[in-house]
1. For the range 44-136, report the accessible area per residue in Å² (1.4 Å probe, heavy atoms, rounded to an integer).
2. P(r) for the range 45-148, please, calculated from all Cα pair distances in 10 Å bins and given in %.
3. Where in the range 143-165 does the label zone of Asn58 land, with the point 7 angstrom along Cα→C-beta and an amide N cut-off under 12 Å?
4. Go through the range 46-102 and name the GluC sites (Glu not before Pro) that are in a DSSP coil and have 14 or fewer other Cβ atoms within 10 Å of their Cβ.
5. Does the range 100-159 come out rounded, prolate or oblate by the C-alpha gyration tensor, with a ≥ b ≥ c the root eigenvalues, rounded set by a/c under 1.5 and, if not, prolate when a/b is larger than b/c and oblate if not?
6. Quick check: at a probe of 1.4 Å, how many percent of the accessible area of the range 67-142 sits on carbon and sulfur atoms?
7. Could you tell me the accessible area of Asp40 in Å² (1.4 Å probe, neighbours in place), rounded to the nearest ten?
8. Going from most exposed to least, what order do Lys77, Lys156, Lys56 have by accessible area with a 1.4 Å probe?
Amino acid sequence: MYLPALAVSLVLITFSSNRAMAVKKDARPPQTLSRGWGDDITWVQTYEEGLYNAKKSNKPLMVIHHLEDCQYCQALKKAFSENADIQELAKENFIMLNLMHETSDKNMAPDGQYVPRIMFIDPSLTVRADITGRYSNRRYTYEPQDITLLLENMNKAVKLLQTEL
């Protein structure tokens, strides 16, 4: 008589604890280095780590400067993270870094410290001044409507690496 009641109780406890674990997972997603730019991409933590990995792996480093409370950054992040071609190219062919603060390296702000700003650094640790966005006063900025240009520039960075280095 106690055995069936015990079995039912165990089933209910197991179900409710599994349900509670599922609710906890949905309530708070894990915080990653991607900060919403692409969870399937491997991101480095620091600029120095990015430079080291670029040189070691012979891949270009792509640095995204942004701020959490910048509406332009948020719009670009959405376009970037939703573009499957960009996500795949970033995952396979780049060392990726997104920074929410400025670096002390003056090479990372050749035309000012604005956001969003995306720069490419080749494995020889040279900032590519020839891979820029469409604005002359903020050469390294991209907007959501520039996502095709950003994809072209990512492909250009990979091709230049193959032909120059």
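1. 49 Å²
2. Per 10 Å bin, starting at zero, the Cα-Cα P(r) for the range 45-148 comes out as 15, 50, 34, 2 percent.
3. Answer for this model: 161-165.
4. Here the GluC sites (Glu not before Pro) that fit, given the DSSP loop and packing criteria, are Glu68, Glu102.
5. Oblate shape, in that a/c is at least 1.5 and b/c is the bigger or equal ratio.
6. Exposed carbon and sulfur together represent 48 percent of the surface.
7. 120 Å²
8. Per-residue accessible area, sorted high to low, gives Lys56, Lys156, Lys77.
The values are calculated or read from the model by the stated rules, or taken from the named source; none is laboratory data. Quick caveat, the model's predicted, so the values are computed rather than measured. Counting neighbours? That spans all protein chains shown, and the Cβs are built from the backbone with ideal geometry, glycine included. Quick note on the areas: whole protein, heavy atoms, side chains included, nothing else; ligands and nucleic acids left out. Shrake-Rupley method; radii C 1.70, N 1.55, O 1.52, S 1.80 Å.
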